[in-house]
1. Decide, for region 57-120, between rounded, prolate and oblate: order the square roots of the alpha carbon gyration tensor eigenvalues as a ≥ b ≥ c, take rounded if a/c falls under 1.5, and otherwise choose prolate if a/b is larger than b/c, else oblate.
2. Please report the carbon-and-sulfur percent of the accessible area for the chain; probe 1.4 Å, protein heavy atoms only, DNA, RNA and ligands left out.
3. Which distance in nm do the two modelled labels at ARG127 and PHE38 give, with both placed 7 Å along the Cα-to-Cβ direction?
4. What's the whole-number percent of alpha carbon pairs in the chain lying beyond 26 angstrom?
5. Mind checking the per residue accessible area of the chain for me, 1.4 Å probe, whole number of Å²?
6. What is the spread of the Cα atoms of region 15-103 along each of their three principal axes, largest first, in whole Å?
7. Can you count the Lys pairs in the chain whose Cα atoms are under 15 Å apart, with each pair 8 or more apart or on different chains?
8. Helix-only mean residue ellipticity at 222 nm, the chain, DSSP H runs n ≥ 4 weighted -39,500 (n - 2.57), per residue, nearest 500. What is it?
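The values are calculated or read from the model by the stated rules, or taken from the named source; none is laboratory data. In this text the structure is predicted, and so the values were computed from the model without any measurement. Note that each Cβ is placed from the backbone with ideal geometry, even for glycine, and that neighbours are counted across all protein chains shown. Calculation scope for accessible area: heavy atoms of the full protein, side chains included, ligands and nucleic acids excluded. Shrake-Rupley method; radii C 1.70, N 1.55, O 1.52, S 1.80 Å.
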Amino acid sequence: METFEARLTLPCNAEVAFDFLAHPENIKRISPPDMGLFFLEAPKRLSLGARMQFKVQAFGVAREAIHEITQFDEPGSFTEQQVKGPLGHWVHEHLFEPDDEGAVTIIDRIEFQPPGGVVGLLINADRILESLEDGFDHRHDQLEKLLGFA
């Protein structure tokens with residue numbers, strides 16, 4: 001199993017950051033345009049047990065996936081897990097750690113397993129980690145613009 005982690009501190013409270021990321025339309029707003037994220041089915045706001053069915057452009061191919069919210073502890077954390085999709089395993093923890101100055105550190109921790117078979121030879125852990133680095137760089141830039149109050 002591979003692990004990726006990204007951190008971003010924003011000058012807003014955990015409630016604001018959590019609420020923003022609990023809305024799937026905002027996830028689309030902060031995703032890289034070349035990712036082509038398109039929700040086929042998603043609630044207006046996430047909650048325990050909610051499912052998001054979406055398409056995403058990955059490594060030159062459009063892929064469909066379904067993620068389910070398996071843990072939801074507002075405003076501290078929520079976890080989404082791949083129920084159906086291209087990877088062997090995918091669990092994404094969203095953690096919100098407030099500090100004493102009213103800011104929040106958002107921690108994204110992703111545990112994944114590349115796809116199996118021949119596809120896994122092409123889309124290996126290193127390529128997935130590189131793609132996650134690029135995607136979260138863009139995501140953090142957008143979050144700083146939208147929630148950084150700069």
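1. Prolate, because a/c is 1.5 or more and a/b exceeds b/c.
2. Details: 3980 of 8030 Å².
Roughly 50 percent of what the probe reaches on the chain is carbon or sulfur.
3. 2.2 nm
4. Working: 2428 of 11175 pairs.
Percent of Cα pairs beyond 26 Å in the chain: 22.
5. 54 Å²
6. Rounded to whole Å, the extents work out to 44, 26, 23 Å.
7. Details: LYS28/LYS44; LYS28/LYS55; LYS28/LYS145; LYS55/LYS84.
Lysine pairs meeting both conditions in the chain amount to 4.
8. Working: 4 runs with 44 residues, N = 150.
Counting only the DSSP helices, I get -9000 deg cm²/dmol.
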